[in-house]
Amino acid sequence: MGMWSIGAGALGAAALALLLANTDVFLSKPQKAALEYLEDIDLKTLEKEPKTFKAKKLWEKNGAVIMAVRRPGCFLCREEAADLSSLKPKLDELGVPLYAVVKEQIKTEVKDFQPYFKGEIFLDEKKKFYGPQRRKMMFMGFIRLGVWYNFFRAWNGGFSGNLEGEGFILGGVFVVGSGKQGILLEHREKEFGDKVNPLSVLEAAKKIKPQTLASEKK
C-alpha cells in the first residue's frame, strides 16, 4: 500500500504541475511600452558598415508596423513573419512601412529569415524592443498544450527552422502611429508561437495619420 500511495502522490503532483503549466499563473505579465521608451531605442542597420539611429525614425512620418523577432531561425517566428508580410500590399496602399528588429546577428540567420519577411530588418543589440521588462519562456513552454498546437499549425503550414541563437526572450509586434500619435497596437508573445492577429494589425494601421508636409515644416 505504501508504494501505491507514493506512486499515486507522485502522479497527482505531476498532474497538478502539468495543469498549472497550462494556465497563465506562472507567466510573467508584460509591461506596456511608452512611446518615449520606444523612441529612444538605438537600432543598427545590417550593412557591412552599420549605422546607428534612433528607432523613432522608423515611424515619425508615416507610422510603422514593427515585429520584434524572438529568433529568426524559429519556424514559429517565420510563420508570423509570413503572416505580416501577407499584409504588405495593403500596408503599401496605406503608406505604412513594415519593419522587423532582431536581437542578434548570427551566421546567415537574418539572411535566411528574409524570404519570410518582406520588410527591412534592423539590429536591436540592447534588446529594448523586448522590454521594458524582458520576459522569458524556458522549458515550461514545451509542456504547454498551446505551444504544441502552435508547433503543429506551423508544421502543417510547411514552415521549418533551426535551433541557432537565443530563443527564450519573447518577442512581439507593434503598430506605431506617426509623430506623437502613439502606440496603436502592442502584441506581446505570451508563449512560443503566440502570433498577432493580422486583421488587428491592419485595423490599427488604418488609424495611422501620416504627417503632412506642413506639420513637418513646423
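Only the coordinates and a few stated rules stand behind these numbers; no lab work does. Because the structure is a prediction, the values reported are computed rather than measured. A quick note on method: Cβ atoms are made from the backbone with ideal geometry, for glycine too, and the neighbour counts reach across all protein chains shown.
Take the eigenvalues of the Cα gyration tensor for segment 28-207, scale each by 5, and report the square roots as semi-axes in whole Å, largest first.
24, 18, 17
If you find the alpha carbon centre of segment 123-158 and of segment 34-65, how far apart are they in angstrom?
Using only Cα atoms, the two centres lie 23 Å from each other.
State the antiparallel share, in %, of DSSP beta bridges confined to segment 28-207, rounding to the nearest 5.
Here the share of antiparallel DSSP bridges comes out near 65 percent.
Please name which of F192, G158, G95 has its Cα lying farthest along the dipole of segment 28-207 towards the positive end, using unit charges on Cβ (Lys, Arg +1; Asp, Glu -1) and the Cα centre as origin.
Farthest towards the positive end: F192.
How about segment 145-213: which trypsin sites (Lys or Arg not before Pro) there lie in a loop by DSSP and see at most 16 other Cβ atoms within 10 Å?
Within segment 145-213, the qualifying trypsin sites (Lys or Arg not before Pro) (loop, at most 16 other Cβ atoms within 10 Å) are K180, K206, K207.
Of K136/K180; K57/K190; K51/K107; K29/K54, which sit over 23 Å apart, Cα to Cα?
Check vs 23 Å cut-off fails for K136/K180; K57/K190; K29/K54.
Using the beta-carbon distance between L145 and K51 and R0 = 30 Å, what value does 1/(1 + (r/R0)^6) give for FRET efficiency, to the nearest 0.05?
0.10
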